[in-house]
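Contents: one structure, followed by commentary.
The values are calculated or read from the model by the stated rules, or taken from the named source; none is laboratory data. The structure displayed is predicted, hence computed values, not measured ones. In this analysis, Cβ positions are derived from the backbone assuming ideal geometry, glycine residues included, and neighbour counts consider all displayed protein chains.
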Amino acid sequence: MSIIHWLDIHPSERSLALQQVLAGWGFECQNGCGDGTLLIVADRPDPQWIPDQGTEILWWVRDGTPEAVSEGLVTAEVELLAAAVAARGGELAGEAEQAVRVACSERRLVVVVGQAGTGKSTALLGVARAHQQAGRTVLVTSTGEYWCAGCGAAC
């Protein structure tokens, strides 16, 4: 069973429901911070709640109205990603494009899972840039240097 560390800033019945869903998917939720994946549950994201521990940090914001990024911005970012991948002799995978489009939709939570080298980070770069172009603040936490090179000072 995979472990998700759980930091519930604003406990509620919906938090418990999310823990039950995750348990059904084979995850064990352990309260408090720790090494590995950390899920922060709050009414709004706030960088002050990010601890020093954890290599993957996920937010679940209970209240808020999801708003899609405009199709034009999303398409422009997909085209930029495709051009960058083509310049390196590759082709943007259809799954990577789909991940960008879904993560820029009105969905409250999007989880992208895949083997190493399948384009998750590349897709996330397009997602971050699309949200930035839409005027949103993007906070990315990463243990890799890829994000520093990809997002520059914006991350």
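Worth pointing out:
- Which numbered condition G117 fails, given (1) in contact with a helix residue (DSSP H, G or I) (Cβ under 8 Å, 6 or more places away or on another chain); (2) farther than 22 Å from L39 by Cβ: (1)
- Restricting attention to the stretch 6-61 and to residues that are charged (D, E, K, R) and more than 22 Å from R107 (Cβ to Cβ), the residue that is modelled with the lowest pLDDT turns out to be D52.
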